[in-house]
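Step one of this worksheet: look at the structure below.
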Amino acid sequence: MCKFKFIAALCAVVLGTNMYAVSGNAYAEETSGDVSVSDTKEVLYSIKYNKNGGTGTLTQNLPAPAGSEVKLSIWALRLDGYAHVGWTDGENIYERGETITMPDHDLELTAVWTKLYTLTYEDFSSIGYDVPLSDGTVVPGTEVYLPNLAMFNGEAMFNGWRVNGEYYAPQTSFVMPEEDVHVAADWLSPISFAYSAGDVDGVVGEPIIYTTKYPGAQFNTADTPVIARLGYKVTGWHMSGTDKNYGVNESYIIPDKDTVFEIIWSPIIIGMSFDANGGTGTMEREKHEHDSVINISKCLFEKEGHKLLGWQLRDEYYRPEAKYQVKIKKAGESLKFKAIWIDEKENPGDINGDGKVELTDMTLLSLNIMGDYAIEDELKLKDADVMRDGKIDVADLAYFKQYVSQDKVLLGLAPEGE
């Protein structure tokens, strides 16, 4: 009897509409008592996809028990103007192809759509560039990369992008908004950037050099064009329109308007020496800043039977202890003053013999030339011949006037130095 009960139970398991899990020893001995069969069912649940207006083929899932892992269909449906971004069960949103845990009930998933927006790019073919950027539709929230392009529009340089008018630097990205987007190039026009010596003298070559620069570019003052000025060195630069000064090895940024970059000059030190020109004694070498105004040092030289008439520097003459503006005429030059001697008995221009050369003496010279005054002393006649050309005439009077009006004339010495 026990054997028949076992067979009946087995038939029920195989032929029934639900499958039962059998527990215990199905082959128990006749003396072990009745066989125990579990009445627990393993239920399978199904997934139904609602395309929600879309079209396309989906992967259909097989029924699965609760708690098992199920991978949703990865295929994207199509619907004009929209993108298929996932599925929803009314409470949760799942991505296409996402693996979920099967609940303990059948599951209906509805397609989730998001509106697509157009993304268009500026056409650069008119300026000769074939840029590999394609128009299309994009899902909001998508990150769009903006590349760097080496191109020019006339003199203007590519400077980045305008996304619906908003600036983005090259090699950055923006997130697609819920609106159509147009991406255009941002162009940077150059400015005039001039390197200038300023309103100064002694400049060797061009005093101003014009260039074009792009705003925002960075340069170093050590790489500026060379502008030279006799007697001076560059110690910095000043940017016009600002209060900014820059050192000789300092970075600066090009502004967004035409600019003059003006040199800050500092005088160099010039060596000065003295030539006794046949005299004896010594005078120390001196050093002075270029363009400084000094008094020529007192002469310490001596020459027997002579006195100092003045100093000669190049083709110019200076009276003893006259004011002098230190100035060189070529790079690397040092200054050497040569003593000009005259017989100690002579005093050119001192016609009235009072030991001074002044307007009274020039008046007497003028009267002598007109015949209204006679100079009879032989030595005074020599002193009246201030040009030392052997005659007394209007040329001496003109030279005398020149002597009165400036320092670079020595009476008793021909203008050419002969």
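Worth a mention:
- The distance separating the Cα centre of segment 41-97 from that of segment 311-334 comes to 101 Å.
- A cut-off under 13 angstrom between Cβ atoms defines the neighbours of residue 280, and their net charge, with Lys, Arg +1 and Asp, Glu -1, is -2.
- Taking the chain as a Gaussian network of alpha-carbon nodes connected by springs under 10 Å, the highest mean-square fluctuation of the residues 375, 208, 191 belongs to 375.
- Among (1) 31, 28, 22; (2) 37, 25, 22; (3) 116, 26, 13, the entry that matches semi-axes √(5λ) of the Cα gyration tensor in Å as calculated here: (3)
- Ligands, DNA and RNA left out, the 1.4 Å accessible surface of segment 121-187 is 47% carbon and sulfur atoms.
- Portion, in percent, of the accessible area of segment 200-301 that falls on carbon or sulfur, probe 1.4 Å: 51 percent
- In segment 327-374, chymotrypsin sites (Phe, Trp or Tyr not before Pro) in a DSSP loop with at most 16 other beta-carbon atoms within 10 Å: 373
- For the chain, size of Cβ-based charge dipole, Lys and Arg +1, Asp and Glu -1, in debye: 820 debye
- Largest to smallest accessible area among 319, 78 [probe 1.4 Å]: 78, 319
- For a straight C-alpha distance cut-off of 20 angstrom, the lysines reachable from residue 345 (same-chain residues fewer than eight places away being disregarded) are 303, 307, 356, 380, 382, 391.
- Cβ-derived FRET efficiency at R0 30 Å, residue 330 paired with residue 213, nearest 0.05: 0.35
- Extension reserve of the residue 125-residue 182 stretch, reckoned as 0.36 nm per residue once the Cα distance is removed: 18.9 nm
- Neighbour cut-off at most 15 other Cβ (10 Å), DSSP loop, GluC sites (Glu not before Pro), segment 53-146: 91, 95, 98, 122
- Solvent-accessible area per residue, Å², over the chain with all protein chains present [probe radius 1.4 Å]: 60 Å²
- With the alpha-carbon atoms of segment 310-418 aligned to their principal axes, the span from lowest to highest coordinate is 53, 25, 23 Å, starting with the largest.
- Amide H contacts under 5 Å for residue 310: 340, restricted to partners 5 or more places along the chain or on a different chain, H placed in the peptide plane at 1.01 Å from N.
- Residue of 238, 290, 105 that the Gaussian network model of the chain assigns the largest fluctuation, springs spanning Cα pairs under 10 Å: 105
- Legend: residues 327, 48, sorted from most to least accessible area (1.4 Å probe; ligands, DNA and RNA excluded), read 48, 327.
- Inverse mean reciprocal Cα-Cα distance (Kirkwood Rh) of segment 92-230, Å: 20.3 Å
- Between the Cα long axis of helix 359-370 and the first principal axis of the chain there is an angle of about 60°, rounded to the nearest 10.
- Vicinal HN-Hα couplings computed from phi for segment 52-57 (Karplus, 6.51 cos²θ - 1.76 cosθ + 1.60; Hz; Gly/Pro x): 6, x, x, 10, x, 9
- Potential extension, residue 166-residue 189 segment - 0.36 nm per residue separation minus Cα distance: 6.5 nm
- Rg(Cα) / (2.2 N^0.38 Å) computed for segment 253-348, rounded to two decimals: 1.54
- Accessible area of segment 336-418 belonging to carbon and sulfur atoms, whole % at 1.4 Å probe: 48 percent
- Positive end of the dipole of the chain (Cβ unit charges, origin at the Cα centre): among 148, 235, 272, the Cα lying farthest that way belongs to 148.
- The chain: angle of helix 2-15 to the longest principal axis, Cα-based, in degrees nearest 10: 50 degrees
- Residues with amide H under 5 Å from that of residue 116, placed H, sequence gap 5 or more: 82, 83
- Ranked order, 288, 84 - accessible area, probe 1.4 Å, largest first: 288, 84
- Full extension of the segment from residue 118 to residue 44, taken as 0.36 nm per residue of separation minus the current Cα-Cα distance, would add 22.2 nm.
- Label-to-label distance, residue 148 versus residue 298, with points set 7 angstrom from Cα along the beta-carbon direction: 7.1 nm.
- Angle between the chain longest axis and helix 394-405 axis [Cα atoms, degrees, rounded to 10]: 50 degrees
- Mean sequence separation of contacting Cα pairs (under 8 Å, at least six apart), scaled by the length of the chain, corresponds to a relative contact order of 7 percent.
The values are calculated or read from the model by the stated rules, or taken from the named source; none is laboratory data. None of the values given here were measured: they were computed from a predicted structure. Quick reminder, even Gly has a Cβ in these numbers, built from the backbone with ideal geometry, and neighbours come from all protein chains shown. For the accessible areas, the whole protein counts, side chains as well, though only heavy atoms, and no ligand, DNA or RNA atoms are used. Shrake-Rupley method; radii C 1.70, N 1.55, O 1.52, S 1.80 Å.
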